[in-house]
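Data first, discussion second: the structure below is written as structure tokens.
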């Protein structure tokens with residue numbers, strides 16, 4: 001199957017980034033969100049990010065104009081049913097994702113491929129609700145999508161070879177690198193990354209080091225570009241907690257127990273950069289530790 005039209009569900013940070021790279025690669029994209037204001041903000045963000053690419057010489061003005069012209073928006077989910085490929089990129093909550101695929105089912109063409117950008121949930125279980133598990137797989141982009149080169153490809157137990165190869169071609173056309181992960185909780189990247197962040201939170205919780213010292217230790221001692229607590233704020237503490245819960249529930253191993261301090265921050269609504277406060281407080285001129 002040749003894919004040319006792509007529907008993206010969710011116009012948040014991930015969905016807008018996915019629409020951005022697809023449009024630059026020549027795909028016709030329909031970006032869907034339940035909030036019209038969110039769609040307007042996504043298009044503005046895509047345009048601004050493309051402006052930066054033009055300024056750096058990575059994209060021409062003509063390419064930018066053509067790419068933006070390939071993106072249309074809608075608040076009506078069934079309009080995505082005519083797409084060759086649908087990419088679900090909503091919150092990391094299984095019930096939300098399942099409802100989207102349930103609501104799409106009656107409007108899909110027989111050949112449409114469904115994918116989820118989930119960072120941790122079972123592809124096999126999501127696929128089982130769609131009525132077309134052979135045409136379903138995981139397509140996990142990294143954040144921020146226009147910058148990060150990696151995409152995880154995850155087969156469910158029923159994913160067909162044809163589906164997998166068609167989606168792999170899309171990754172190649174985007175100019176990104178694919179890795180293949182088996183359908184186990186959190187796949188490869190987050191199976192390693194999120195427990196590291198959770199351990200950093202434990203290190204803070206137990207008083208081993210301060211927020212700044214923990215982040216400095218990993219940046220200067222392990223050559224990480226961003227400290228683990230700073231990275232947690234960037235990802236979103238609610239997302240980090242959700243992935244830890246998936247690992248803990250799915251693998252039944254106590255080493256994946258979420259740190260109580262991570263739970264407490266999530267309960268407080270201190271979710272990181274997106275709300276202005278997490279392990280750092282972002283409401284002033286420069287970020288400062290919140291504890």
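Criterion applied to 145, 96 was being surrounded by fewer than 18 Cβ atoms within 10 Å (Cβ to Cβ) and either in contact (Cβ under 8 Å) with a residue 60 or more places away in the chain or closer than 19 Å to residue 240 by Cα (or both), and the one residue passing it is 96. Checked against (1) surrounded by 16 or more Cβ atoms within 10 Å (Cβ to Cβ); (2) within 23 Å of residue 168 (Cβ to Cβ), residue 2 passes all but a single condition, namely (1).
For the stretch 17-45, what are the residues that are free of Cβ contacts under 8 Å to residues at least 40 places away in the same chain and either closer than 17 Å to residue 85 by Cα or touching a strand residue (DSSP E or B) at 6+ places or on another chain (Cβ under 7 Å) (or both)? Matches in the stretch 17-45: 39, 42, 43. Would you pick out the residues in the stretch 143-166 that are in contact with a helix residue (DSSP H, G or I) (Cβ under 7 Å, 6 or more places away or on another chain) and outside any strand (DSSP E or B)? Listed by number, the residues that qualify are 143, 144, 145, 146, 156, 157, 158, 159, 160, 163. For residue 90, the test of being touching a strand residue (DSSP E or B) at 6+ places or on another chain (Cβ under 8 Å) and part of a loop (DSSP other than H, G, I, E, B) is passed. The criterion of being part of a helix (DSSP H, G or I) and either surrounded by fewer than 17 Cβ atoms within 10 Å (Cβ to Cβ) or without any contact (Cβ under 8 Å) to a residue 24 or more places away in the chain (or both) holds for residue 169. Before we move on, is residue 63 surrounded by fewer than 18 Cβ atoms within 10 Å (Cβ to Cβ), under 15 Å from residue 127 (Cα atoms) and in contact (Cβ under 8 Å) with a residue 12 or more places away in the chain? So residue 63 fails the test. Selection over the stretch 109-128 of residues that are surrounded by 17 or more Cβ atoms within 10 Å (Cβ to Cβ) and assigned to a loop (DSSP other than H, G, I, E, B) gives a count of 7.
Looking across the stretch 129-143, just one residue is more than 20 Å from residue 103 (Cα to Cα) and out of contact with any strand residue (DSSP E or B) (no Cβ under 6 Å at 6 or more places or on another chain), and that is 143.
Every number in this text was worked out from the coordinates using simple rules, so none of it is lab data. On a predicted model such as this, the values are computed, not experimentally measured, just so you know. Please note: Cβ atoms are built from the backbone with ideal geometry, for glycine as well, and neighbour counts cover all protein chains shown.
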